[in-house]
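Participant: Below is a structure I'd like to ask you about.
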Amino acid sequence: MSERPASSIRRASPAARAANEGIASRLAAVEILLRVDEQNGYADVLLGARLPEFKLSDRRLITRLVLGTIAWRARIDYELALLTGRRLDGIQPPVLAIMRMGLFQLRFLDRVPQHAVVDTAVSLAKRIPEARKASGFVNAVMRRATREQPALPNRARDENRFLAIAYSHPRWMVERFVASFGAADAERLMAANNEAAPNAIRLNLKRGTRDEIIARLIEEGFEIGDGGRAPETIVLNGAANFESSAYRDGLFHAQSEASQMVARMLAPPIGATVVDCAAAPGGKSSHLAEMVGERGRVIALDLNFAGLKNARDVANRLRHDNISFVRADLASAIPLPPMRFDYVLLDAPCTGLGTLREHPEIRWRVGPQDPARMAAIQLRMLEHASSIVRSGGAVVYSVCSIAPEEGIGVIDSFLQHHREFDIDRELEHREEFEGVLDARGLMQTRPDIGGLDGFFAARLKRR
């Protein structure tokens, strides 16, 4: 049997190839959404594993679809329940994920025509075995969504319910935010939580000067935006390229600006020894290693073995060989001698309520009792971390949470029983903290105020 000539083989047209790529990217987004919901996966981790398979434009779209669909889930589900006339927990998870993502595009993205969103949703249903029989149902619901948009709950009748649906936050969280910040600020905060976070990176000044590294980044196609509060902080206008030689060569590390400010608050000098008491995943440890220089040393503690391995990988990529990694459970004890160190950092595990932009799934996993539960753990960890601080030394306590229990609550409880410590108001880089320090000298940042992640930090000095 003779072979067909190569010239006679039909090739897919550019339009067909683009359509296939579009379906593939959206299929990946649906798969990630399912793993977040069904396996308690973390969106940023799952995105990091899948995005290298796609070209840059598709990566941006997949990221927007995944994070946006998760963030707006309450509002999307409110509409879907009315559009379908069904209880959503009776719908197959793949079908629900497809419709959630489709409705997110219809309501919050305007670059894709509505008919294309509907067609894509139906195509996705036909490609997923568990959803194939429901493709007609998906088509009907999506088409109805293009014609109808259910009204939001009556604000005058129940303002907290309105806010919970309109801004897609759990009701208990709305009530806490209103109680802590007032209704107007709480509404601005929740609106900011649904925006994309700035693409902040930290330049590794061990590898070159600020100007040299920026020139290299521009050469490799990075879109440089505003400078941050610290010399090593840059905010990009586009996404960072983690496949670039600049990244592989350790010229920068992706880290939010508020997170970078924590190490700047501790401010260890060159040559100092620093203890990082909850070091994973390694961003702050490597930042401290850069600050203390080759003559200094960082002792990085953490209970999470996988997290320590990741922190070691970060240190290796950034060319920091002055970090020692030790597995330890700081909530139980600290394996270091008392009153021996001048600089200690405790960036404690927390609810993460200040990072809902990057980790939108947190809002659906954290419960009303979790801030108090975490605060009890954080206080024990601070007790142990402070025990190794010598006279005149300092410990910085920080959390990426805006819950008062985890911030001011922990500090006030600690100071009540430790009169030998005071809040240090004389920060070395005080100008970098303009607008984010309260009257007591405590750092409190929020996404709706200057675009920073929600962090709390306090520098405590032993008398």
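Participant: Quick one: which residue in SER391, SER413 is in a helix (DSSP H, G or I), open to solvent by 40 Å² or more (accessible area, probe 1.4 Å), small (Gly, Ala, Ser) and farther than 23 Å from GLY282 by Cβ?
Facilitator: SER413
Participant: Oh, and also: Between ILE323, ILE334, ILE299, which is more than 25 Å from ILE201 (Cα to Cα) and crowded, with 20+ Cβ neighbours inside 10 Å?
Facilitator: The unique qualifying residue is ILE334.
Participant: Looking for whichever is surrounded by fewer than 21 Cβ atoms within 10 Å (Cβ to Cβ), not β-branched (Val, Ile, Thr) and not in a loop (DSSP other than H, G, I, E, B) here; the options are GLY307, GLY271. Which one fits?
Facilitator: GLY307
Participant: In the set ALA272, ALA289, which member is modelled with pLDDT of 95 or more, of a type in the set (A, V, I, L, M) and under 25 Å from the mean Cα position of the chain (by Cα)?
Facilitator: Criteria check complete, one pass: ALA289.
Participant: Let me ask something else about it. Residue by residue through the range 303-341, note down the ones that are touching a Phe, Trp or Tyr at 6+ places or on another chain (Cβ under 8 Å) and under 22 Å from ALA376 (Cα atoms).
Facilitator: Passing the criteria: only ARG327.
Participant: If only one of ALA200, ALA239, ALA192, ALA263 is at pLDDT below 95 and within 26 Å of ASP44 (Cβ to Cβ), which one is it?
Facilitator: None of the others qualify; the one that does is ALA239.
Participant: Quick test for you: out of GLU243, GLU187, pick the one residue that is charged (D, E, K, R), under 23 Å from the mean Cα position of the chain (by Cα) and either surrounded by 19 or more Cβ atoms within 10 Å (Cβ to Cβ) or part of a helix (DSSP H, G or I) (or both).
Facilitator: GLU187 is the lone residue from the list that is charged (D, E, K, R), under 23 Å from the mean Cα position of the chain (by Cα) and either surrounded by 19 or more Cβ atoms within 10 Å (Cβ to Cβ) or part of a helix (DSSP H, G or I) (or both).
Participant: Taking ARG143 as the residue in question, decide whether it is out of contact with any Pro (no Cβ under 7 Å at 6 or more places or on another chain), modelled with pLDDT of 95 or more, over 30 Å from GLY354 (Cβ atoms) and not aliphatic (A, V, I, L, M).
Facilitator: yes
Participant: May I pose another question? From ARG264, ARG248, ARG216, ARG210, grab the single residue that is under 21 Å from GLY454 (Cβ atoms) and basic (Lys, Arg).
Facilitator: Exactly one residue qualifies, and that residue is ARG264.
Participant: Give the residue that is farthest from the chain's Cα centre (by Cα), with candidates limited to residues of the range 218-240 that are of a type in the set (Gly, Ala, Ser) and under 24 Å from SER57 (Cβ atoms).
Facilitator: Selected residue: GLY221.
Participant: Just one of MET291, MET261 is closer than 21 Å to ARG430 by Cβ and touching a residue at least 60 places away in the same chain (Cβ under 8 Å); which is it?
Facilitator: Result of the check over MET291, MET261: MET261.
Participant: I would also like to ask the following. Output the residues belonging to the range 78-87 that are part of a helix (DSSP H, G or I) and open to solvent by 30 Å² or more (accessible area, probe 1.4 Å).
Facilitator: TYR78, ALA81, LEU82
The values are calculated or read from the model by the stated rules, or taken from the named source; none is laboratory data. Small disclaimer: the values here were computed from a predicted structure and weren't measured. So basically every Cβ, Gly included, is an ideal-geometry build from the backbone, and we count neighbours across all protein chains shown. Calculation scope for accessible area: heavy atoms of the full protein, side chains included, ligands and nucleic acids excluded. Shrake-Rupley method; radii C 1.70, N 1.55, O 1.52, S 1.80 Å.
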